[in-house]
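Working notes, beginning with the structure itself.
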Amino acid sequence: MLVLVLVRGLRNVRMPVKDALAQLGLTRRYHAVLVDDSQNVQGILKKAEHLVAWGPASEKTVSALKNKGLAPYRLHAPKNGLPPVKRRFPHGAYGNWSEGINALIEGMVA
């Protein structure tokens, strides 16, 4: 299971990318969703990778998000801030965080 977090806003984003993110329920900055890793999700990530941080969700992360309520989960800004949102992980905020996404989500759940 993957967790996806929209780390950039949707202003001045092309409509096909907005529509793809809307299919997942990511319509606002710092919203998160839990999705199964499928070909459809991989295609959406390829299209919108410059806006989203993602990685495999741990059991602790899944339970913390489920306690927040209904999806998409509204999160706070990270406690220690984000790296630059215009650069790819590990030097920036967007892209595949692998296991690091769990630490990011932990800092965003309040």
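Just one of L75, L51 is in contact with a Leu (Cβ under 9 Å, 6 or more places away or on another chain) and touching a residue at least 60 places away in the same chain (Cβ under 8 Å); which is it?
On inspection, the qualifying residue turns out to be L75.
With the requirement that a residue be in contact (Cβ under 8 Å) with a residue 24 or more places away in the chain and surrounded by fewer than 10 Cβ atoms within 10 Å (Cβ to Cβ), what does segment 80-91 give you?
Scanning segment 80-91 gives a single hit, N80.
If you scan segment 1-52, which residues turn out to be basic (K, R) and out of contact with any helix residue (DSSP H, G or I) (no Cβ under 6 Å at 6 or more places or on another chain)?
R8, R11, R14, K18, R28, R29, K46
Residues in segment 58-68: is at least one closer than 20 Å to V85 by Cα and of a type in the set (V, I, T)?
First pass over segment 58-68, keeping only residues closer than 20 Å to V85 by Cα: none.
Checked against the condition, which is being closer than 20 Å to V85 by Cα and of a type in the set (V, I, T), segment 58-68 yields no hits at all.
One residue is enough: does segment 54-61 have a residue meeting the conditions closer than 18 Å to I101 by Cβ, among the aromatic types (F, W, Y), in contact (Cβ under 8 Å) with a residue 24 or more places away in the chain and out of contact with any strand residue (DSSP E or B) (no Cβ under 6 Å at 6 or more places or on another chain)? First the steps, then the outcome.
Filtering segment 54-61 down to residues closer than 18 Å to I101 by Cβ leaves 54-61.
In the following step, the residues that additionally are among the aromatic types (F, W, Y) were identified as 54.
Retained after the next criterion (residues that are in contact (Cβ under 8 Å) with a residue 24 or more places away in the chain): 54.
From what is left, the residues that are out of contact with any strand residue (DSSP E or B) (no Cβ under 6 Å at 6 or more places or on another chain) are none.
Within segment 54-61, none of the residues are closer than 18 Å to I101 by Cβ, among the aromatic types (F, W, Y), in contact (Cβ under 8 Å) with a residue 24 or more places away in the chain and out of contact with any strand residue (DSSP E or B) (no Cβ under 6 Å at 6 or more places or on another chain).
Scan segment 22-41 for residues that are surrounded by fewer than 16 Cβ atoms within 10 Å (Cβ to Cβ) and over 15 Å from G55 (Cβ atoms) and report the count. Explain how you work it out, then say what you get.
Looking only at segment 22-41, we keep the residues that are surrounded by fewer than 16 Cβ atoms within 10 Å (Cβ to Cβ), and these are 22-23, 27-28, 36-40.
Going one step further and asking which of them are over 15 Å from G55 (Cβ atoms), we end up with 22-23, 27-28, 38-40.
So the answer is 7.
In segment 92-100, is there at least one residue being buried (at least 18 other Cβ atoms within 10 Å of the Cβ), at positive phi and either outside any loop (DSSP other than H, G, I, E, B) or out of contact with any Asp or Glu (no Cβ under 6 Å at 6 or more places or on another chain) (or both)? Step through it out loud before you land on a result.
Residues of segment 92-100 that are buried (at least 18 other Cβ atoms within 10 Å of the Cβ), as a first pass: 93-95, 97.
Checking which are at positive phi leaves us with 95.
Adding the requirement that they be either outside any loop (DSSP other than H, G, I, E, B) or out of contact with any Asp or Glu (no Cβ under 6 Å at 6 or more places or on another chain) (or both) leaves 95.
Yes: one or more hits.
Quick note: the coordinates plus some simple rules give every number you see, no bench work behind them. Not measured: the values here are computed from a predicted model. A quick note on method: Cβ atoms are made from the backbone with ideal geometry, for glycine too, and the neighbour counts reach across all protein chains shown.
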